[in-house]
Amino acid sequence: MVTSPDGDFEEFYQACAQPLTIQLFAYTGSMAAAQDVVQEAFCRALTRWRKVSEYDDPAAWVRRVAWNLATSQWRRARTARRFLRRHRVEHAAEPSPDRVALARALATLPDRHRRAVILHYLADLPVSEIAAQEGVAEGTVKSWLHRGRAALAAQLTEKETNRA
């Protein structure tokens, strides 16, 4: 690669970017990945240009940075592939009609009542912890739970009656 003796970054970039991109394309097999790592390497060189331009071969520094970046990306991708192979997504069965009815009934509750019911009955949080989280008195949470249960009971009982 050709380096610019006067330290002009633009000339240096013009002389070195394309050959380096071709090298990294051959290494990565992806033009987009090659362009990304070369661009990042030149960005890093630009932020340190006063120091990098004084090296015997600034192009070698940029090349080493670009190759290191490409290798790091390859390692991250390999790690991600390994993780995905071990942690395949398991498909859950469809929700039961009762669960669907409960979800619909919960959606009709006011936000505070719904949060209190979910936190208490699904997350198993005590009233005191819900009160602390919501920034209200314990009595308020108890009131929300009572109202939420009453509304759910009315809706779910009504749906049971309509089904029969």
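The criterion of at least 2 residues that are modelled with pLDDT of 90 or more, under 26 Å from the mean Cα position of the chain (by Cα) and of a type in the set (Val, Ile, Thr) is met, among helices (runs of 4 or more DSSP H) falling completely within segment 21-109, by 31-47, 58-86.
The listed residues are LEU102, LEU69, and the only one of them that is open to solvent by less than 90 Å² (accessible area, probe 1.4 Å) and in contact with an Asp or Glu (Cβ under 6 Å, 6 or more places away or on another chain) turns out to be LEU69.
Among the residues of segment 10-30, those that are within 21 Å of TRP74 (Cβ to Cβ) and open to solvent by 80 Å² or more (accessible area, probe 1.4 Å) comprise ILE22, PHE25, ALA26, TYR27.
Please name all residue pairs, on different chains or six or more residues apart, with Cβ atoms under 6 Å, provided the first residue is in segment 55-76 and is farther than 15 Å from GLN39 by Cβ and the second residue is open to solvent by less than 70 Å² (accessible area, probe 1.4 Å). Pairs found: TYR55/TRP61; PRO58/THR3; PRO58/VAL52; ALA59/THR3; ALA59/CYS16; TRP61/VAL52.
The single condition among (1) open to solvent by 70 Å² or more (accessible area, probe 1.4 Å); (2) in contact (Cβ under 8 Å) with a residue 24 or more places away in the chain that TYR121 does not satisfy is (2).
Here is a yes/no grid of residues against (1) among the aliphatic types (A, V, I, L, M); (2) within 18 Å of GLN14 (Cβ to Cβ):
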| position | (1), (2) |
| --- | --- |
| SER30 | no, no |
| PHE42 | no, yes |
| ARG48 | no, no |
| VAL52 | yes, yes |
| ASP57 | no, yes |
| ASN68 | no, no |
| PHE83 | no, no |
| ALA93 | yes, no |
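Taking the criterion of being free of Cβ contacts under 8 Å to residues at least 40 places away in the same chain, of a type in the set (S, T, N, Q) and within 30 Å of THR21 (Cβ to Cβ), would at least one residue in segment 78-85 satisfy it? Checked against the condition, which is being free of Cβ contacts under 8 Å to residues at least 40 places away in the same chain, of a type in the set (S, T, N, Q) and within 30 Å of THR21 (Cβ to Cβ), segment 78-85 yields at least one hit. Look at segment 126-145: where a residue is assigned to a helix (DSSP H, G or I) and a partner is surrounded by 15 or more Cβ atoms within 10 Å (Cβ to Cβ) and acidic (Asp, Glu), sitting 6+ places away or on another chain with Cβ atoms under 8 Å, you get THR140/GLU134; VAL141/GLU134.
The values are calculated or read from the model by the stated rules, or taken from the named source; none is laboratory data. The structure presented is a predicted model; accordingly, all values stated were derived computationally and were not measured. All Cβ positions, glycine included, derive from the backbone under ideal geometry; neighbour counts span all protein chains shown. These area figures cover heavy atoms from the full protein model, side chains too; ligands, DNA and RNA do not enter into them. Shrake-Rupley method; radii C 1.70, N 1.55, O 1.52, S 1.80 Å.
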